[in-house]
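Data block below; observations after.
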Amino acid sequence: MEPPASDKAKETDDCAVVLELSEDDPHYDKKESLLQANGYSPKERVVLKSSSCPNWISDTLKVMLQIARIIHLDEVELYFGEDDAFSPVDFYSPRNEVEALNSILSLLDVSLSTGKCIRVNVLQELREAIVQMIRDFGDKHIVKTTIVESNSLGKEESLLQWGEDHGMRTRLQIVYVEGSGRGAIAKEDLDVGEVALEIPFSIVISEELVRVSDMFPVLEETEGISSETMVLLWSMKEKHNCNSEFKTYFNTLPEKFNTGLSFGVHAMKALGGTLLLQEIIQAKEHLRAQYDLLFPKLCDDHPHVFPRELYTWEQFLWACELWYSNSMKVMFPEGKLRTCLIPIAGFLNHSLYPHILHYGKVDTATNSLKFRLSRPCSAGEECFLSYGNFSSSHLLTFYGFLPQGDNLYDIIPLDIEDTTDEFTESRSTSNTTTHMVRGTWHSNNHNIFYYGLPSPLLDVFRRTQFPMMRSKSLLQTSLENEGEVLENLHSIFDDMMKELDDGDLPDREDSSWDVRLAVEFKDLQKRIVSSLVTSCYAGLKLVENEWCKSMAEDIRGVLLKMMVANSFDLWQKDAFFSAAEEVQESADVMESAYRTWVRERREMQSPDYLDELSRELQTALGTAKWQTHAFMRFNHHQFVTYGIQNNQLLEEFEKAVRLSYGHRSNDNTTARHRQFIAAIEEQISRVEASLRESFSEEGKQSLQWVNLDEDECNELATFLSGTTQSLQSATDECLELRPLMRSSRVENHVQRRDTDLNFNAASDRDFSDERKSIRDDSSSINNNGNHVIKMEGSEVHGRTDDIVCQVDRKTNNARRTWSSPNFGALKIIIPDEDEQINKLVLCIDDTPKEKGSKPVFWKQRYGEFPPGQGAVSFLNQVS
Ligand SMILES: C[S@@+](CC[C@H](N)C(=O)[O-])C[C@H]1O[C@@H](n2cnc3c(N)ncnc32)[C@H](O)[C@@H]1O
């Protein structure tokens, strides 16, 4: 059907920007769900409305930024992003923010350059706003660098000259920077989008150079050798070639690279208990194995091509460190990604807040690599690259430094086999969830069910312990499950902490470079693991409190029923019977409204709906408070200001009870009334505290109550007292009053209670049924009581101990044999639904795995060594 003419006009009048999630994205499914959960599609067309609307720029940018953030999430951000369920498309990380802002900028630039959108001024206004956002973001992340003036830069200047002779252009100056060797600072103010450095393709060192060397015919015949290994072997020889075209470049390289691969024994010892220890060992063993495959055979067979003195193990390791710490991945014009050395660009240091994110694509128009700024860099400021989204352990192993600042990629991977995950079989391997943890200070959500820990990890443990449970709730069974999950995690992290605490650390100040780095790394690991232990512990306290509250509620409910049932005769004769019924009923209405509100909040319903529920809860709470107050007023005929604190209320009541019953009541009656009001009071204060907390979190006005004047209070008291004479008439009257106090949402519940009320009053037979149900309830309390013991006692510890013992056995074993490559993999196996919970075991795989073998419990990180290729592979993926 043709759109109406007015719509047509509107469509051509406005123009749109399309933000699209690539179907090739390895995390397509997750991102698609996240987009949809936030009301966007994977191909979202954002219409650029006319500027007549006052907030149009910020509104449009907000939408675009929310979508772009999701599109640019990486695996780690996606994994941890689920923690913050309340603000799903807020800021994720500096990297993500700069990526998202730049992607919008380039979309706007494309629209401007194609000229398709006739609203050029609209596009330009948006562009300026986004550039300003990028600048503001950059201003918050300026890294302070100290330039060391004393070091000579003769070789570096020669290289710059050589580069310029070949067509290199730069707006950067090479300097020595304290703590990181050479670095590049901006010679002038550079804005977002500007090119800081342009390297002609002709000076890039890549495998192409091997192909034209005398080595190639030999290497071509060598089975299973990768092109990366070929170029590494080439560089070992070229370094010593006096006539090399790249001599000026090789002259600038250090004699020794201080990376983790060169760590000495003391540094390795200092790394005891960390995953890094195993990683470095594995990496070195892998390299040694590769070296042994090639040498001395190549030297023996081709002594002229591979002179023995140039191909020692030490030289090989030097070359590996060069390529690991200095190479970049470059997309060649024919679409192939190759690992290259890029002279001059190799002076750029890494930062968690980089200026340059993308630099690895050959510009075919200029036949050069352009290093364009994704955020501005002021004159004199160090210009940083991103080497990749690397953890500190990766940066330490392959680059030999720990970055300044809080590294969001400092994760501890966990090897968890989740057979309960119905997703696992059907989805593609790229979507396989790698479980991990990081410092819980990164998380904004430390509430119950989150605890600052990653939700996917918690969910895996939840599924194991309660396979049928799909939603988080404040129900006791769910809380018990939470308790067990946290107990298990606490025990695992506690165990890691013990490993890290093992042994004395050398004094950092008196140590060599490697020991200093090792100690610094271990401190970082301790900080991470300690935050995990603390968060589990805090989570356990939260769960325990919630559990106790819900338990107390149940006990109270049963107690109240018992009070009514067991001493019904007494209650019936009691002057307060009907009034108590009324108060109990309004407390029930409040409880029901409270549960609805809690559930819907957790389900993240729309703010309007939640507001409505919160108003209803407030009304129900107000009614309960009001009736409780009136009940007490009716009891002791004493004025108590409405809105008085609940504990004061209780004290008042107790005082009044003592006074009024002193001469005309027995202790049982007093105790019964006191018990009753205490139970109601606790219920009210719990609900009120929750509401207040949510109001203060959301910055809303504090709770407001309907204030009754004294006459109204008296009227209510009289009304309540009147109910003793005629139960039925009081009930009818109450029904008339109720619509003012009750919400529509809890009406059904109210009506059921009304029936119950009449029913209770009807006959003794019904009360014997009630008593029966009370007995049933009590036994469920007993069961629940046992669950408490389970949470803290032997049963849970039994399970936990299984893990602890096995982790201990395994880790002790690993510690003894850390220098051996043949340690087994340790996995947490999450059994499927049919299996018993106590099958949560740490299974020790006795079969030694070759390169893929995993270190104790913590996941092996460097599974990337491609065993099939039998080659050195470089991990610094730069794109
Ligand atoms: C590509 S090079 C960068 C230039 C190097 N600074 C130099 O003098 O040759 C990579 C090496 O620089 C150092 N580096 C890079 N970023 C660093 C940082 N943020 N802090 C400390 N050292 C850093 C590390 O030694 C790393 O192996």
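The values are calculated or read from the model by the stated rules, or taken from the named source; none is laboratory data. Fair warning: this is a prediction, and the values are worked out from it, not measured in the lab. As a convention, Cβ positions derive from the backbone with ideal geometry for all residues, glycine included, and neighbour counts pool all protein chains shown. These area figures cover heavy atoms from the full protein model, side chains too; ligands, DNA and RNA do not enter into them. Shrake-Rupley method; radii C 1.70, N 1.55, O 1.52, S 1.80 Å.
In segment 389-417, the qualifying residues are those that are touching a helix residue (DSSP H, G or I) at 6+ places or on another chain (Cβ under 8 Å) and in a helix (DSSP H, G or I), and the one that is nearest to ARG182 (Cα to Cα) is TYR399. Exactly one residue out of ASP501, ASP494, ASP514 is open to solvent by less than 30 Å² (accessible area, probe 1.4 Å) and modelled with pLDDT of 80 or more: that is ASP514. Of all residues in segment 161-186, exactly one satisfies the criterion of being within 16 Å of the ligand (Cβ to nearest atom), modelled with pLDDT of 95 or more and at positive phi, namely GLY181.
Can you tell me which of SER393, SER374, SER378 is within 16 Å of the ligand (Cβ to nearest atom), of a type in the set (Ser, Thr, Tyr) and in the same structural domain as LEU233 (by TED's automatic domain parsing)? First the steps, then the outcome.
Details: SER374 fails: within 16 Å of the ligand (Cβ to nearest atom); SER378 fails: within 16 Å of the ligand (Cβ to nearest atom).
Only one candidate qualifies: SER393.
Of the residues making up segment 363-388, those that are of a type outside the set (S, T, N, Q) and part of a strand (DSSP E or B) number 8.
A quick yes/no check of all residues on (1) of a type in the set (D, E, K, R); (2) within 16 Å of the ligand (Cβ to nearest atom):
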| position | (1), (2) |
| --- | --- |
| PHE201 | no, no |
| VAL204 | no, yes |
| GLU208 | yes, no |
| ASP214 | yes, no |
| PRO217 | no, no |
| GLU221 | yes, no |
| SER244 | no, no |
| THR252 | no, yes |
| LYS256 | yes, yes |
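Within segment 330-355, the set of residues being near the ligand (Cβ under 10 Å from one of its atoms) and among the hydroxyl-bearing types (Ser, Thr, Tyr) comprises just one member, SER351. Take PHE306 and tell me if it is over 25 Å from GLY181 (Cα atoms) and either acidic (Asp, Glu) or in the same structural domain as SER202 (by TED's automatic domain parsing) (or both). Judged against the criteria, PHE306 is a match.
Taking the conditions (1) under 20 Å from SER443 (Cα atoms); (2) touching a Leu at 6+ places or on another chain (Cβ under 9 Å) in turn, THR534 satisfies each one other than (2). Just name the residue that is surrounded by the fewest Cβ atoms within 10 Å (Cβ to Cβ) out of those in segment 39-56 that are of a type in the set (Gly, Ala, Ser) and modelled with pLDDT under 85. Selected residue: SER52.
Of LYS297, LYS361, all but one fail to be closer than 16 Å to VAL195 by Cβ and more than 13 Å from the ligand (Cβ to nearest atom); the exception is LYS361. Look at segment 174-192: where a residue is among the hydroxyl-bearing types (Ser, Thr, Tyr) and a partner is in a strand (DSSP E or B) and near the ligand (Cβ under 10 Å from one of its atoms), sitting 6+ places away or on another chain with Cβ atoms under 9 Å, you get TYR176/ARG182; TYR176/GLY183; SER180/HIS350; SER180/GLU382. For segment 220-227, the condition of being crowded, with 19+ Cβ neighbours inside 10 Å and outside any loop (DSSP other than H, G, I, E, B) holds for none of the residues.
Okay, residues lined up against (1) in the same structural domain as ARG308 (by TED's automatic domain parsing); (2) in contact (Cβ under 8 Å) with a residue 60 or more places away in the chain; (3) in contact with a strand residue (DSSP E or B) (Cβ under 7 Å, 6 or more places away or on another chain); (4) open to solvent by 30 Å² or more (accessible area, probe 1.4 Å):
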| residue | (1), (2), (3), (4) |
| --- | --- |
| MET230 | yes, no, no, no |
| ASN241 | yes, no, no, yes |
| LYS247 | yes, no, no, yes |
| LEU253 | yes, yes, no, no |
| ASN258 | yes, yes, no, yes |
| PHE263 | yes, yes, no, no |
| ALA267 | yes, yes, no, no |
| HIS286 | yes, yes, no, no |
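Against the criterion of being among the small types (Gly, Ala, Ser) and either within 14 Å of the ligand (Cβ to nearest atom) or farther than 25 Å from GLU178 by Cβ (or both), SER386 qualifies. Scanning segment 311-329 for residues that are more than 12 Å from the ligand (Cβ to nearest atom) and open to solvent by less than 10 Å² (accessible area, probe 1.4 Å) gives TYR311, PHE316, ALA319, CYS320. Checking each residue in segment 185-219 for being open to solvent by 50 Å² or more (accessible area, probe 1.4 Å) and within 24 Å of THR364 (Cβ to Cβ) picks out GLU194, SER202, GLU208, ARG211, VAL212. I'm checking my understanding of the structure. Among residues of segment 397-415 that are β-branched (Val, Ile, Thr) and either in the same structural domain as VAL515 (by TED's automatic domain parsing) or open to solvent by less than 10 Å² (accessible area, probe 1.4 Å) (or both), which one is nearest to the ligand (Cβ to nearest atom)? Result: THR397. Only one residue in ARG615, ARG595 is of a type in the set (Lys, Arg), at pLDDT below 85 and either open to solvent by 70 Å² or more (accessible area, probe 1.4 Å) or touching a strand residue (DSSP E or B) at 6+ places or on another chain (Cβ under 6 Å) (or both). Which one? The match here is ARG595.
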